[in-house]
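*Asks:* What follows is a structure written as structure tokens; I'll ask about it next.
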């Protein structure tokens with residue numbers, strides 16, 4: 001089973017980082033469309049997916065989530081922008 005590490009951009013401009021096995025379901029949970037979601041995102045809706053990366057297992061996803069959560073805001077923006085650039089002009 002693969003895991004996704006993700007960063008959400010919240011309506012108040014903040015970022016939320018988490019892991020999931022189903023990104024579509026998790027995004028719906030965070031936006032209140034279905035039951036679930038994090039307490040942090042409840043009052044910061046709507047949220048949009050800003051960044052995601054696949055990990056092969058829960059352990060590696062949890063480690064990566066920890067790394068991303070400890071980045072400052074500017075480093076998170078750099079990570080998001082790097083992924084956007086790669087999507088726009090793949091190698």
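Just so you know, all these numbers are worked out from the coordinates, no wet-lab data involved. Quick caveat: nothing in here was measured; it's all calculated off a predicted structure. All Cβ positions, glycine included, derive from the backbone under ideal geometry; neighbour counts span all protein chains shown.
*Asks:* Could you run the Debye sum over the Cα atoms of the chain, one equal point scatterer each and no solvent, and tell me log10 of I(q)/I(0) at q = 0.11, 0.14, 0.16 Å⁻¹, two decimals?
*Replies:* After summing over all Cα pairs, the log10 values are -0.30, -0.49, -0.65.
*Asks:* By counting other Cβ atoms within 10 Å of each Cβ, how are 41, 48, 20 ranked from fewest to most?
*Replies:* Fewest to most other Cβ atoms nearby, the residues stand as 48, 20, 41.
*Asks:* Which of 26, 58, 44, 73 has the fewest other C-beta atoms within 10 Å, and how do the rest follow up to the most?
*Replies:* Neighbour counts put them in this order, fewest first: 73, 58, 44, 26.
*Asks:* Ok, one more. Say R0 is 22 Å: what FRET efficiency, to the nearest 0.05, do residue 78 and residue 2 get from their beta-carbon distance?
*Replies:* Once rounded, the FRET efficiency stands at 0.35.
*Asks:* How high is the relative contact order of region 17-72, in percent, with contacts defined as C-alpha pairs under 8 Å that are six or more residues apart? Don't skip to the end; give the middle numbers.
*Replies:* Values: 35 pairs, mean separation 18.1, N = 56.
Here the relative contact order equals 32 percent.
*Asks:* Quick one: order 3, 15, 40, 66 by neighbouring beta-carbon count within 10 Å, fewest to most.
*Replies:* 66, 40, 15, 3
*Asks:* Between residue 25 and residue 85, what length in nm is gained on full extension when 0.36 nm per residue of separation is reduced by their alpha carbon distance?
*Replies:* Length gained between residue 25 and residue 85: 19.0 nm.
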